[in-house]
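Please read the structure below before turning to the comments.
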Amino acid sequence: MASLFITTRIMSVPTLEHSLAEWLAYLETLHPKTIDLGLERVKIVAQRLQISQWQGIKIVVAGTNGKGSTCAMLASIYLAAGYKVGLYTSPHLIRFNERIHINGQEVSDEALIAAFHQIEQVRADISLSYFEYTTLAAFLLFKEAQLDVSILEVGLGGRLDAVNIIDPDCSIVTSVAIDHVEWLGTDREAIGFEKAHIFRSGKPAICSDPEPPQHLLDYAEQIGANLWLFGRDFNYSGDKQQWAFASRIGRKNALAYPALRGANQLLNASAALAAIDALRPYLAVPLQAVREGLLQVNWQGRFQILPGQPTIILDVAHNPHAAATLAHNLQSMSYFPYTYAVIGMLNDKDAVEVINKFKGIVDYWLVADLSGPRARPAEELANLIKATLPADKDGLPTVNVFDNPVSAYEQARSVMDDKDRLLVFGSFLTVSAVLEHIAKS
């Protein structure tokens, strides 16, 4: 037990009078590791907070890509059906408050501070990582709000992620691809095994990956989960105007396409609708609420196209699987004379495989430095692009280095034509920096 008590206090404990920014800065000092997978410490504090008294249906969503969009669609549909809904996702793009929504609204600074203060009163000497602390805050706020349904996105993996301390009524794994290999393993089987641990015995377990790893299937069978597989238990079809969804429960016809753009959004929507069908005995959802929820859903940074000209696309894609989807989406768009790309990446991502997906798509690369110890130096990333995508007879693509994403973005805007398009991607940090800059402009 001694290993639990490793708190190093670098600053004094904030009070209810301190700002949210001061509290968040404090949380960053509490634990020696940014990522520390394991449930023992966070479970003890959750027991002290009486998190087990949290009522309502709980849905946990994991996956390499698509989990945030799936969560957003679930929340939008249940809100349209008139339910009280909590939504917990991570990371945020601009404001920390984006991580926790209650009934479609970001929670206030005051509510977050009160939750942090409660956690601080009971954790004593137990050290919590930033993510564990903020996850407990979300759980506490959802418990107090007496919600009908809480939708919870796993931060990393599944088995040892702090979100997995609760027992969900339904679990979703959206996709299994290679990412976070330092913590989850180097192949899809190992990663699928980690994600499958959000499944529970006798409870609906949705998997929308068209080719689920065998280890995921085996674990679901081993624990007796009620496994719903894409292509076997649910599916979709569509044309240019509308789409239809079918599951064990029945069909939903004449659905408008989700407001979220991109090739994989019907797969994500299908995962959400499968969960809604599986939970129908507890939360009935009329077809009109499904239609309204899909039309109204909003999720920043996922193939987000800003209004006006030139065409500006923001996407947090940062691994090969997401990059392949982004590249496909770009190729499905109408003609643009030139494509500019602002990119910044972290050093634990497979940059070469990400870059490879944009061969013949990007003409001008603007490579940005990011802040933080995990950032990949822009010069290093630029050299990888040059080696991976050598220039053609016209000298394209070109590669230039910038101090930060905003300066790269501003340079692109100053030289590009209104008929060209600009892509900003590679990391949440890259997209958030540009989004915040645009909001202030």
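The values are calculated or read from the model by the stated rules, or taken from the named source; none is laboratory data. Keep in mind that this is a model prediction, so the values were computed, not measured. FYI the Cβ positions are ideal-geometry reconstructions off the backbone, even for glycines, and counts take in every protein chain you see. What goes into the accessible areas is simple: the full protein's heavy atoms, side chains included, and nothing from ligands, DNA or RNA. Shrake-Rupley method; radii C 1.70, N 1.55, O 1.52, S 1.80 Å.
What you get for the chain, charging only the Cβ of Lys and Arg (+1) and of Asp and Glu (-1), is a dipole of about 1040 debye around the Cα centre.
Measuring nothing but protein heavy atoms, the accessible surface of segment 100-251 at 1.4 Å probe radius is 46 percent carbon and sulfur.
Look at [x] 21.4; [y] 18.4; [z] 22.8: the one that is mean projected area of the Cα convex hull in nm² derived from this structure is [x].
Taking Gln241, Gln50, Gln300 in turn, the Gaussian network model of the chain (Cα-Cα springs below 10 Å) assigns the largest fluctuation to Gln241.
Over segment 240-386, the Kirkwood radius and the radius of gyration, each from Cα atoms, give a ratio Rg/Rh of 1.06. Using C-alpha pairs below 8 Å separated by at least 6 residues, the relative contact order for the chain is 15 percent. Using a probe of 1.4 Å, the accessible surface attributed to Tyr364 totals some 60 Å² when neighbouring protein chains are kept in position. Of all lysines in the structure, those lying under 18 Å Cα to Cα from Lys386, and not within fewer than 8 positions of it along the same chain, are Lys349, Lys357, Lys359. I'd like to know which of Thr70, Ala137, Ile102 lies farthest towards the positive end of the charge dipole of segment 61-142, counting +1 on Cβ of Lys and Arg and -1 on Cβ of Asp and Glu. Positive-most Cα among the choices belongs to Thr70. In the elastic network of the chain, a GNM with C-alpha springs shorter than 10 Å, the most mobile of Pro377, Pro320, Pro281 is Pro281.
For segment 98-248, the mean projected area of the C-alpha convex hull, equal to one quarter of the hull surface, is 11.7 nm². The relative contact order of segment 297-441, computed from alpha carbon pairs under 8 Å that lie at least 6 residues apart in sequence, is 33 percent.
For segment 186-341, the dipole from Cβ point charges (+1 on Lys and Arg, -1 on Asp and Glu) about the Cα centre works out to 520 debye, to the nearest 20. Ligands, DNA and RNA are left out, and with a 1.4 angstrom probe the accessible area of segment 291-441 is 45 Å² per residue. Straight-line reach from Lys84: taking Cα to Cα under 24 Å and skipping same-chain neighbours fewer than 8 places apart, the lysines in range are Lys58, Lys67, Lys143, Lys203, Lys252.
For segment 315-369, the relative contact order comes to 47 percent (Cα pairs under 8 Å, sequence separation of at least 6).
Over all other residues within a Cβ to Cβ distance under 14 Å of Ser371, the charged ones net out to -2, with Lys and Arg as +1 and Asp and Glu as -1.
Among Leu147, Leu396, Leu346, the residue with the largest mean-square fluctuation in a Gaussian network model of the chain, with springs joining Cα atoms closer than 10 Å, is Leu396. At 222 nm, what value in deg cm²/dmol follows for the chain if DSSP H runs of at least 4 each add -39500 (n - 2.57) and the sum is divided by all its residues, to the nearest 500? After summing the helix terms and dividing by residue count, I get -11000 deg cm²/dmol.
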